[in-house]
1. Give the total of Lys-Lys pairs in the stretch 197-379 with Cα-Cα distances below 23 Å; include a pair only if its members are 8 or more places apart or on different chains.
2. Under the rule of -39500 (n - 2.57) per DSSP H run of 4 or more residues, summed and divided by the residues of the chain, what mean residue ellipticity at 222 nm is obtained, to the nearest 500 deg cm²/dmol?
3. What are the radius of gyration and Dmax of the stretch 6-191, computed over its Cα atoms and given in Å?
4. Work out from phi, with θ = phi - 60° and the Karplus expression 6.51 cos²θ - 1.76 cosθ + 1.60, the ³J(HN,Hα) of each residue of the stretch 90-105, listed in order in whole Hz, and give x for Gly and Pro.
5. For 96, 310, what's the fewest-to-most ordering of other Cβ within 10 Å of each Cβ?
6. Would you check the stretch 6-191 for Lys pairs whose C-alpha atoms are within less than 20 Å, ignoring same-chain pairs closer than 8 in sequence, and give me the count?
7. Test of understanding: what is the full-extension gain from residue 301 to residue 274, defined as 0.36 nm times their sequence separation minus their Cα-Cα distance?
8. With r defined as the distance between the Cβ atoms of residue 29 and residue 256 and R0 fixed at 51 Å, what FRET efficiency is calculated, to the nearest 0.05?
Amino acid sequence: MSNQKRVIIFNGPPGNGRDDILRELKEIASFGYHHLFEYIVEEAKLDNTNLTKINILDFYDSQPEKMEQYRLKAVQKINHEINKDGGVHVISSPVHFEWKGNRFNGLTEEDVQLLNPDMFVIVFDDIVRVRDRLSQDPQWQDHKYTLGEIANWRREEVSGVYRLAEAFTPKRKIQLVAFENGPEIVRDLVYKPSKETVYLSHPITGEGADFFTKITKFLESLSEYYVLFDPYLIKDWDIVEQWREAVNETIDAEQEMPDTFTFRMTYKDGPLEAEFDIKEVETAIKNLRFQIIDSDYKIIENTDMVVVYHPRKSISAGVMCEMVYAKALAKLVYAYYPYEPSPFFEWYATRIFTDADEMRDFLIKESRMTGQRPLDFFNQ
């Protein structure tokens, strides 16, 4: 793999932890790391222009043609380095910027056609943690982004990456990776392209910590054989659920919502608590509710199969919708469900297991990584 050229473009709006993930990836993998911003700064220096994180967007706003010249030269230099060195190369840049009411391109179709990537990876995080990062970043901290603006920004970023990927024939691969996944999933996507990708569908609403501990153990038991996407690592769901519960409680109590709302989330690195104005939250939630469905469906589109882990009797509406969507895309859907299934659940499952260990053993045996299945199985 070291001598084979492989180009990956990493996207994601500022504040989503894109370069944090890449710096962690650098500690466990070797690749050419090309931060487009740094190349643009170097090109500007050659033109006696001093660009920094503080002034680069104001410069782009006042001299867009000059900035686009710097970016084109930077992309050309990156492309030259990639062709000279071979191996794995990662280009890091947002596709979409918003600054003082204006919209800017981080990458254009011409840039991407020149770089000719094998895959796009979009790194994203929930809107609460993104706003926290932006408030601590010297480039963005003076602009107080609302949760709604952050949600819109992410939607535009994903749409922009899809347009760039679809400009190729065939369309280039896209993967959406939650920041909470960490660098290991990215390492597998980049360095083990034959490793099958799995979307893990499971109930979320109403489940406690013990359930999610079981989910984590199940994922870990398959991580050697599959690249696994767990939608619960995208904490947008917690945000929407906490809001929904609070609204329903006020309805039952025949009260009005308070002036502020506090989110509480637990991440791998600890808990986070943040308070927001109620109107700001209400505006953001309307956008976020649709983004949750859209991102989950996009991940399903980009995975090889869907695995359902459903130990409770009452069927989750979200799980059922994901099974329906997956079958419409001709995806294999394997389900663990220890009860008598409804005809609808049975219809949309490729196979149902009543024992989680049995499903795990089946998936390991059938994995490409064990050599039991031909590598071109999904191309037949």
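1. Lysine pair count for the stretch 197-379: 18.
2. Working: 14 runs with 178 residues, N = 380.
Dividing the helical sum by the residues of the chain leaves -15000 deg cm²/dmol.
3. 15.8, 43
4. Taking θ as phi minus 60°, the curve returns 10, 10, 10, 5, x, 8, 10, 10, 10, 8, 6, x, 10, 10, 10, 9 Hz for the stretch 90-105.
5. Details: 96 21, 310 24.
Lowest to highest Cβ neighbour count: 96, 310.
6. Lysine pairs meeting the criterion: 12.
7. On the way: separation 27, 0.36 × 27 = 9.72 nm, distance 3.30 nm.
6.4 nm is the gain from fully extending residue 301 to residue 274.
8. Here the calculated transfer efficiency is 0.45.
We did not get these values from a lab; they are worked out from the coordinates using the rules stated. This structure is a prediction, so every number in the text was calculated from the model and none was measured. Cβ sites come from the backbone with ideal geometry, for glycine too, and all protein chains shown count toward neighbours.
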